[in-house]
Every structure is written in C-alpha cells, then in structure tokens.
C-alpha cells in the first residue's frame, strides 16, 4: 500500500495498513484535507489514557454509536503501546464496522510496523477482512475486474458444494505477484460473511515461524483463508486441517497439498 493517496484511501471505506512513513504522510493529508471530501478525522491514540478504546463498555458503545452516519477517518496511533485488552476493543470496533459499517463511510488507518507477533494476530482477522489491495482501487480495466469477480464466483460455488455435503476440502489460489490473489481472497471473505459463513482471512507473515504457530493455535473456524502461503508444508497443512473444515490458500505456485482444488489467476486482457 506504499504510495497510497488520501483520495485513493477514501474510495473504499475500510482498513488500510501502511508503512510508518506513509502513515505520517497520510495523517497530515487527512487532517488538512479530509473536510474537502466530507470526512471528519478521529485520532485513536493508544498512548492517551482517555482514548475511546480505554472507556468502559457503556461509555464506549455511546461513543461508537455517535460515529454512525458520519464519514470518519480513524487514525490509529501508538498501537504498540496498547494493552491486550485495549487491542481486543479495537478489534471489536473493526468487526463492528465489518458487519454494520460499510454504508457509514468509516476509514481505518494504521501501521503495524512496531507490533509483535501476538498483537498482529490479535488484530489480523478483522483488519484483513476489511482490507482491499491498491491494485483493486487503481484498476480501470473492466475486463480484469470482471475476471476477478468470476474467480470469486467459482470459489464460492466450490465452497458451497463442499459445505452442503458436510465435507472437508482445501483450495489453492495460484497466481504471480500482482495478479490479484489478495483482492480475490478479500472479496471471497466478504462474500462468505454476507452469506453467514464462519470464515476468516489472515496473512501468513511467512517470514516468521512464530506467526504460523499462532495461526495454528487460533480459534477454530469453518473456513480459513490464508494469503501468502507459499511456505506451507504438508505437515503444517495437515495440522491446520485438523482445526479448519475448509482451507483456501493464496500462493505463487501449487502447494504440496494432496487433493487440493486449484484456481489460477491468469487474466489476459487480449481474450
């Protein structure tokens, strides 16, 4: 998401995770120019004892209710200073937005640069389920957008079939860097949630084995969507399959997983 502009960020009401450098640039742009787009700015500073996430439940709900029907950019600052309980409240706010807030024009901005593994995992599910890639925001190729929607439809069809038969299955979404895998998985997660499936989307952060262990120990869910899964081994997959009924991996190549259904991102604009 490096290089994201304020206007691009506001085109999708959701969560944007950026580098620390981009965060400070976008923060300044938001404070100076958000009103030009009809937005307010709310700074959620975890270093401030009186930030809304630190309030008790009743007061917090009143604050969150007051945000409804207002277009707001939530700037999350000093996340690394938040307690686990406060991060859980932030997670609940994101989940609340994911379920009810799409029409409210809420935008969440943060950097996870200084977070530890456990804190990333604590925030990852609602953040990723609300996250859309810059590729999608920038794309003006209607054929490519149609192609992505077709891949999502195909994956939904496959998951529905397995689910109706009360079965278990693994799918692998294969595509090169920038082909739209993350966009497909994000849209797929939204579609599953809208159809009342229990699903979660996580990035594997595959450069850190501790994160893989955290995913393995995460709460069981009917459907696990795991992006950037190229380092998945058969042993690790089998361990995941004990907890998750349906697994969808995003990877650059086919994985050493037997009997996996494969979907390929091979869009060609000349078709």
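The values are calculated or read from the model by the stated rules, or taken from the named source; none is laboratory data. As the structure is a prediction and not an experimental result, all values here were calculated from the model. Because the Cβ atoms are built from the backbone with ideal geometry, glycine has one as well, and the counts that use them run over all protein chains shown.
Which residue pairs have Cβ atoms under 8 Å apart, sit 6 or more places apart or on different chains, and have a first residue in region 227-246 that is under 20 Å from residue 183 (Cα atoms) and a second that is in a loop (DSSP other than H, G, I, E, B) and at pLDDT 85 or above?
Final answer for the pair search is 229/255; 230/252; 230/253; 230/255; 246/168.
Looking at (1) crowded, with 22+ Cβ neighbours inside 10 Å; (2) free of Cβ contacts under 8 Å to residues at least 24 places away in the same chain, find the lone condition where residue 184 falls short.
Among (1) crowded, with 22+ Cβ neighbours inside 10 Å; (2) free of Cβ contacts under 8 Å to residues at least 24 places away in the same chain, the lone unmet condition for residue 184 is (2).
Which condition from (1) closer than 15 Å to residue 93 by Cβ; (2) touching a strand residue (DSSP E or B) at 6+ places or on another chain (Cβ under 7 Å) is the one that residue 27 breaks?
(1)
Among the residues of region 65-94, how many are within 21 Å of the chain's Cα centre (by Cα) and in a loop (DSSP other than H, G, I, E, B)?
So the count comes out to 3.
Of everything in region 250-260, what is out of contact with any helix residue (DSSP H, G or I) (no Cβ under 6 Å at 6 or more places or on another chain), at pLDDT 85 or above and either part of a strand (DSSP E or B) or surrounded by fewer than 16 Cβ atoms within 10 Å (Cβ to Cβ) (or both)? Give them in sequence order. Write out each step before concluding.
First pass over region 250-260, keeping only residues out of contact with any helix residue (DSSP H, G or I) (no Cβ under 6 Å at 6 or more places or on another chain): 251-255, 258-260.
So of that shortlist, the ones also at pLDDT 85 or above come out as 251-255, 260.
Scanning region 250-260 gives 251, 252, 253, 254.
Would you tally the residues in region 188-198 being without any contact (Cβ under 8 Å) to a residue 60 or more places away in the chain and surrounded by fewer than 20 Cβ atoms within 10 Å (Cβ to Cβ)?
6
If I ask for residues that are outside any loop (DSSP other than H, G, I, E, B) and at pLDDT below 80, which ones from region 107-117 would you list?
Taking region 107-117 as the starting set, the residues that turn out to be outside any loop (DSSP other than H, G, I, E, B) are 107-110, 117.
117, the sole residue that qualifies.
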